[in-house]
1. How far apart, in nm, are two points set 7 Å out from the Cα along the Cα-to-Cβ line at ASP106 and at PHE74?
2. Please arrange PHE50, PHE71 by accessible surface area, largest first, computed with a 1.4 Å probe and ligands excluded.
3. Could you tell me the accessible area of ILE58 in Å² (1.4 Å probe, neighbours in place), rounded to the nearest ten?
4. Evaluate the distance, in nm, between pseudo-label points positioned 7 Å from the Cα of ASN12 and of VAL27 along their respective Cα→Cβ axes.
5. Per residue Cα convex hull volume for segment 1-56, in cubic angstrom?
Amino acid sequence: MDQSTHDVRRANWLGIITECQQRPSSVSAKQWLADNGIKEKTYYYWLRKFRREACEQIQLPAVTTQAEVSFAEFHVPAPVPVKLTAAGHAVATIHADGITLEIAGDISEPLLRMLLQEVVHA
């Protein structure tokens, strides 16, 4: 097969593949191929060819033989004592690891659970 025949076939199949990939999402590729009289094996043969060509054209970055690793030391500041006060009068005060929680009587149960979990994990 001469080059011009190959180019014409290639352009035709590129158009077919593009149309198939732009089909409605409700139509499967198999159904679209059957509706358009295209053999499934031939379609996937050409799709594979185009994908291989695309992969060959991708230039991968050169692999380095030795990776340079460096470390940096940084200091994390000590936790700052936090004082949370809910509206109303405190009915309980919790002191733990420099944290003071004053709990009001009208605090919701989910908020109380969250606060206690945070104090436990602090």
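The values are calculated or read from the model by the stated rules, or taken from the named source; none is laboratory data. Predicted model only: the values in this text are computed from it and were never measured. Note that we place each Cβ from the backbone using ideal geometry, even for glycine, and neighbour counts take in every protein chain shown. Areas reflect the complete protein model, heavy atoms only, side chains present, ligands, DNA and RNA absent. Shrake-Rupley method; radii C 1.70, N 1.55, O 1.52, S 1.80 Å.
1. 4.2 nm
2. I get PHE71, PHE50, largest accessible area first.
3. 100 Å²
4. Once both label points are built, they end up 2.0 nm from each other.
5. Expressed per residue, the convex hull around the Cα atoms of segment 1-56 is 89 Å³.
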